[in-house]
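What follows is a set of notes on a single structure, which appears directly below.
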Amino acid sequence: MNRARLVRIIGTYGVLIALAALVLFGFLRYDRFLSFYNVMTLLRYNSMFALVALGMCFVIMTGGIDLSVGSVAALGSVASALASPYGIVPGLTAGIGAGLVAGLINAILVTRANLMPFIATLATMQAASGSALLLAGNQTVSVSYESGFTAIGQGNLWTFPIPAAIAVVAYLIGSLVLNYTGTGRAVLAIGGGEDASRLMGLRTDRVKFLVYVASGGLAGLAGVILASQFGAGQPIEGVGWELFAIAAVVVGGTLLTGGSGSVVTTLAGVLLLGILFNVLNFENGMGWLSLSAYWQSVIRGLFLLAVVLLQARLTRRRLGAL
Amino acid sequence: MTPPDGPSPMLLDMRDIQKRFAGIPALVDASLSVRSGEVHALIGQNGAGKSTLIKVLTGYHRKDAGQVLFEGKPFEVHSPHQAQVNGISTIYQEINLVPLRSVTENICLGRERRRHGLLDWNAMHTEAERLLSRFSIRIDVRRPLGEFNTATQQMVAIARAIGFSARLVVMDEPTSSLDEREVGVLFSVIRQLKAEGISVIFVSHKLDELYEVCDRVTIMRDGRTVRSAGMKEINKLELVAAMLGRDVAAVEGHATAFGERDRSRIGDAMFSARGLRAGQAVRNVSFDLRRGEIAGFAGLLGAGRTETARLVFGADRASAGEMTMEGAAYHPDRPADAIAAGMGFCTEDRKGEGIVPEMTVAENLTLALLPKISRNGVLDESRQREIVERFIRELGIKCSGPNQKVRELSGGNQQKVLLARWLAMNPKLLILDEPTRGIDVGAKGEIQRLIRGLADQGLGVLMISSELEEVIEGADRIFVLRDGVSVTELEAEAANEEEVLTAMAHGTSASSEAAT
């Protein structure tokens, strides 16, 4: 029983332990690792990924997947850049709205047309990417610097980056929804057994619908931050974001097959991956070894593989009775 | 069918329910009426329509015609959710809960307790504990359901059902995965529900259980309700006869195409099993098989026939018992061991475990044979063609040629392809699980003649069939299984339907019963 409990603890909090270890490693190895500048830059930059990963987390917990988040974020960045001359609110509305529309399409395809989430969101991924390019006229769209729109991505609340603050609020809401609402528990139940959940009387389609719409909306919001932070709507950004998000969710201990997961550890997963890049950058900067972007990809891939393998083992042991 | 006036008011009255799936009738004329505070048994063979009827009741399927009255009012629900809200909860055969989630969530999902709009976990944990304590179960309700044993999970399912303040609880084979003690606990729970005025529909194949806990019974066959009676008014033999559609008194001529027996073909002993045991499904099964003999397994659904066959074939492992094959001890760990020992197994689930519909006749037929007809991993196509053509000819497989997809063949011809696949391995012992299920009458006769012909050539055949005449006329010896125990062995010539039915119902044949 003690052993089972240990396994459970590692399964749930492993990512936090790994995160702490990585931070300690960086702190000991690099002078400016925990400098104010580095930490704030890290948080500002990774807030986009955090938002996308939050939506992905809910989708994966239902046993689904949303491959469209990257190109939906690109679409959102273009839409918000185009609306940015009219101010912050129109910019936000356009970006999130574009994301919600994409999410709505995913939701309809999955729950009404009964398409597999993989296929449905793959189609949306292509369509959103194309729409972004069409809307932007095949180039980046500069945002207005006069309307105040850039504050969303570049501004600070006192000294804390605004995009990171947005992400924190989103995660608080996400955690509340998951742990303290019937819909949140239904998300997990559906992932743990969709047929069983339906037979238990849960309205599975409605919950799944909400999850895809939310994922689209969060991707759109991430797009707004992207445009605002880098001063332009970027139709070709977002490539590979879905993989980063899936990786963060899985590293955070959420089962890729659904049914078990946590919002807080997803955030830890985002930070872990973000800090891993950061560490690799520092490593490059020290000149001991020079890791090209390609090598970084290989390392990240291996890291993810190791986590997934470990997770599979832990889960098997945890539910060994099944 | 008009329900008789009973002592307590009628809670549920389903009349003349009809339901078709893709044009195929599943329910033709099904009726079921349950009184308040009554435990009502619903029984029937596989495919009789019990599950469909229950799913119509619980809103999973929509009926095509008929009337449902619940508490005297017309009752029309379109989802399990609606049924639950209206007081009908269902516990499905395979426990339909979410093992990854906590016990509390599994009990409270769908009717969560809230405080200030948010979930009140403390109240929900207390509620779950309170419901479970009614059945004297004390567990950590915060832990995932999957960490507990099957019986506990079953109790959680029941706790969930009554937590919805159900008026009627439907239990679909709730005892199939429970041991005796756990069944005892379940029965005391059922009696408690009854005492509280809650009605129970109890689906089970274990006849003793019905007499122990049920008040009335409804028997279904081929989508129809064939009889409804008080448990005291009907004996086990009548029950079984009604389920199988046999008139206990009348046994007519030949109903199958097996033809006359020729006992001279039966040779020396080949296979024997003693005291096989595995889980709850197989508790004590012994039988043996001689060369050229067809041994038939008779028994009701859930008697452990298929499960025993799987033990013999190494698909599952026996926890106790001895098997010998051709005089040597035989302990298969996996089907490959059984195949190496010269066995073949045509499964009951032809579509799921047998044929690969998208592959051709030739590919399906030689699937298990590939290593033998390949040289250095490369398929020897001329040998393949030779084998395939031989079997198409010998078994009379009707197809446009070896390259036709198996999906396009009729059920009977698919079965022949499956038979051919095993025969091509040149087995000594062939296990056939429901070899003629879902096959039209003409093809059925062909398959039956084929089986007899194979036995004539010295093959030992273990045949499982739910069609009584198939076992009685086809087998040389009949082993009757009941609740996982091989209760009787009958020489086929001496056996008549009544004897087999009696053994299925009571566990002893009529002749031995007279002695006891």
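Of the residues B:Lys50, B:Lys55, B:Lys63, which is among the basic types (Lys, Arg), within 12 Å of chain A (Cβ to nearest Cβ) and open to solvent by 10 Å² or more (accessible area, probe 1.4 Å)?
Working: B:Lys50 fails: within 12 Å of chain A (Cβ to nearest Cβ); B:Lys63 fails: within 12 Å of chain A (Cβ to nearest Cβ).
Checking each option against the conditions leaves just B:Lys55.
Quick check: is even one residue across region A:138-158 on the phi > 0 side of the Ramachandran plot and hydrophobic (A, V, I, L, M, F, W, C)?
In the first step, residues of region A:138-158 are kept if they are on the phi > 0 side of the Ramachandran plot; the result is A:138, A:148, A:158.
Subsequent filtering for residues that are hydrophobic (A, V, I, L, M, F, W, C) retains A:158.
Within region A:138-158, one or more residues are on the phi > 0 side of the Ramachandran plot and hydrophobic (A, V, I, L, M, F, W, C).
Collect the residues in region B:343-353 that are within 20 Å of B:Leu429 (Cα to Cα) and open to solvent by 10 Å² or more (accessible area, probe 1.4 Å), keeping them in residue-number order.
Result: B:Phe345, B:Thr347, B:Glu348, B:Asp349, B:Arg350, B:Glu353.
What is the one condition in (1) under 29 Å from the mean Cα position of the chain (by Cα); (2) of a type in the set (A, V, I, L, M, F, W, C); (3) surrounded by fewer than 20 Cβ atoms within 10 Å (Cβ to Cβ); (4) within 14 Å of chain A (Cβ to nearest Cβ) that B:Ile24 does not satisfy?
Checking B:Ile24 against (1) under 29 Å from the mean Cα position of the chain (by Cα); (2) of a type in the set (A, V, I, L, M, F, W, C); (3) surrounded by fewer than 20 Cβ atoms within 10 Å (Cβ to Cβ); (4) within 14 Å of chain A (Cβ to nearest Cβ), the one that fails is (4).
Can you tell me which residue within region A:185-195, out of those that are more than 8 Å from chain B (Cβ to nearest Cβ) and open to solvent by less than 20 Å² (accessible area, probe 1.4 Å), is farthest from B:Val170 (Cα to Cα)?
Keep residues of region A:185-195 that are more than 8 Å from chain B (Cβ to nearest Cβ), which gives A:187, A:190, A:194.
From what is left, the residues that are open to solvent by less than 20 Å² (accessible area, probe 1.4 Å) are A:187, A:190.
Details: A:Val187: 26, A:Ile190: 23 Å.
The extreme case among them is A:Val187.
Please count how many residues of region A:65-86 are open to solvent by 10 Å² or more (accessible area, probe 1.4 Å) and touching a residue at least 60 places away in the same chain (Cβ under 8 Å).
Qualifying residue count, region A:65-86: 8.
Test A:Leu54 against the stated conditions and say whether it is at negative phi and open to solvent by 20 Å² or more (accessible area, probe 1.4 Å).
For A:Leu54, the condition - at negative phi and open to solvent by 20 Å² or more (accessible area, probe 1.4 Å) - is not met.
I'd like to check something: does region B:164-176 contain any residue that is at pLDDT 90 or above and within 12 Å of chain A (Cβ to nearest Cβ)?
Within region B:164-176, one or more residues are at pLDDT 90 or above and within 12 Å of chain A (Cβ to nearest Cβ).
From the list B:Gly314, B:Gly327, B:Gly292, B:Gly304, exactly one residue is on the phi > 0 side of the Ramachandran plot and open to solvent by 20 Å² or more (accessible area, probe 1.4 Å). Which is it?
B:Gly327
Going through A:Phe230, A:Phe282 one at a time, which residue ends up being surrounded by fewer than 24 Cβ atoms within 10 Å (Cβ to Cβ) and touching an Asp or Glu at 6+ places or on another chain (Cβ under 9 Å)? Show your work before the answer.
Values: A:Phe282 fails: touching an Asp or Glu at 6+ places or on another chain (Cβ under 9 Å).
A:Phe230 is the lone residue from the list that is surrounded by fewer than 24 Cβ atoms within 10 Å (Cβ to Cβ) and touching an Asp or Glu at 6+ places or on another chain (Cβ under 9 Å).
For region A:196-213, check the following and say yes or no: at least one residue is within 12 Å of the chain's Cα centre (by Cα) and either of a type in the set (Phe, Trp, Tyr) or within 14 Å of chain B (Cβ to nearest Cβ) (or both).
If we filter region A:196-213 for residues that are within 12 Å of the chain's Cα centre (by Cα), which is where we start, we get none.
Within region A:196-213, none of the residues are within 12 Å of the chain's Cα centre (by Cα) and either of a type in the set (Phe, Trp, Tyr) or within 14 Å of chain B (Cβ to nearest Cβ) (or both).
Suppose the filter is modelled with pLDDT of 90 or more and more than 14 Å from chain B (Cβ to nearest Cβ); does A:Ala18 pass it?
no
Look at A:Gly174 and say whether it is within 30 Å of A:Phe36 (Cβ to Cβ) and either touching a residue at least 40 places away in the same chain (Cβ under 8 Å) or within 13 Å of chain B (Cβ to nearest Cβ) (or both).
Details: within 30 Å of A:Phe36 (Cβ to Cβ): yes; either touching a residue at least 40 places away in the same chain (Cβ under 8 Å) or within 13 Å of chain B (Cβ to nearest Cβ) (or both): yes.
Yes.
Taking B:Val85 and the conditions (1) within 13 Å of another protein chain (Cβ to nearest Cβ); (2) open to solvent by less than 30 Å² (accessible area, probe 1.4 Å); (3) β-branched (Val, Ile, Thr), which numbered condition does it fall short on, given that it satisfies the others?
If we test B:Val85 against (1) within 13 Å of another protein chain (Cβ to nearest Cβ); (2) open to solvent by less than 30 Å² (accessible area, probe 1.4 Å); (3) β-branched (Val, Ile, Thr), just (2) comes out false.
So which strands (runs of 3 or more DSSP E) are wholly in region B:29-103 and hold at least 2 residues that are among the β-branched types (Val, Ile, Thr)?
Because the criterion is at least 2 residues that are among the β-branched types (Val, Ile, Thr), the strands (runs of 3 or more DSSP E) in region B:29-103 that meet it are B:39-44, B:88-91.
Any chance you could count how many residues in region B:93-112 are open to solvent by 20 Å² or more (accessible area, probe 1.4 Å) and at the interface with another protein chain (Cβ under 10 Å from one of its Cβ atoms)? Step through it out loud before you land on a result.
To start, the set of residues in region B:93-112 that are open to solvent by 20 Å² or more (accessible area, probe 1.4 Å) comprises B:93-96, B:99-101, B:110-112.
Filter again for at the interface with another protein chain (Cβ under 10 Å from one of its Cβ atoms), leaving B:94-96, B:99-101, B:110-112.
Number satisfying all stated conditions: 9.
List the strands (runs of 3 or more DSSP E) inside region B:428-500, counting only whole elements, that have at least 1 residues being open to solvent by 10 Å² or more (accessible area, probe 1.4 Å), modelled with pLDDT of 85 or more and in the same structural domain as B:Phe313 (by TED's automatic domain parsing).
B:477-482, B:485-491
Can you go through B:Glu209, B:Glu182, B:Glu238 and tell me which one is assigned to a helix (DSSP H, G or I), assigned by TED's automatic domain parsing to the domain that holds B:His40 and open to solvent by less than 60 Å² (accessible area, probe 1.4 Å)?
Only one candidate passes the filter, namely B:Glu209.
Considering region B:403-418 alone, what residues qualify as being closer than 16 Å to B:Met359 by Cα and surrounded by 20 or more Cβ atoms within 10 Å (Cβ to Cβ)? Give the derivation first.
Filtering region B:403-418 for residues closer than 16 Å to B:Met359 by Cα gives B:403-411, B:413-418.
Correct list: B:Val406, B:Leu409, B:Asn413, B:Gln414, B:Gln415, B:Lys416, B:Val417, B:Leu418.
Any idea how many residues of region B:147-187 are within 18 Å of B:His205 (Cβ to Cβ) and without any contact (Cβ under 8 Å) to a residue 60 or more places away in the chain?
7
Limited to region A:140-165, what total is found for residues that are within 23 Å of A:Val69 (Cβ to Cβ) and free of Cβ contacts under 8 Å to residues at least 60 places away in the same chain?
Residues in region A:140-165 being within 23 Å of A:Val69 (Cβ to Cβ) and free of Cβ contacts under 8 Å to residues at least 60 places away in the same chain: 2 in total.
Only one of these conditions is not met by A:Pro163: (1) within 14 Å of chain B (Cβ to nearest Cβ); (2) buried (at least 19 other Cβ atoms within 10 Å of the Cβ); (3) on the phi < 0 side of the Ramachandran plot. Which number is it?
(1)
Based on what the data block shows, is B:Leu12 open to solvent by less than 10 Å² (accessible area, probe 1.4 Å), part of a strand (DSSP E or B) and at pLDDT 90 or above? Before you say what the answer is, go through the steps one by one.
Values: open to solvent by less than 10 Å² (accessible area, probe 1.4 Å): yes; part of a strand (DSSP E or B): yes; at pLDDT 90 or above: yes.
Yes: the conditions hold for B:Leu12.
Provide a single number: the residues in region B:114-154 that are part of a helix (DSSP H, G or I), within 10 Å of chain A (Cβ to nearest Cβ) and acidic (Asp, Glu).
Matching residues across region B:114-154 total 1.
The values are calculated or read from the model by the stated rules, or taken from the named source; none is laboratory data. Predicted model, so just to flag it, every value in this text is computed and none were measured. Here the Cβ is made from the backbone with ideal geometry for all residues, glycine too, and neighbour counts use every protein chain on show. Accessible surface areas use protein heavy atoms only, side chains included; no ligands, DNA or RNA. Shrake-Rupley method; radii C 1.70, N 1.55, O 1.52, S 1.80 Å.
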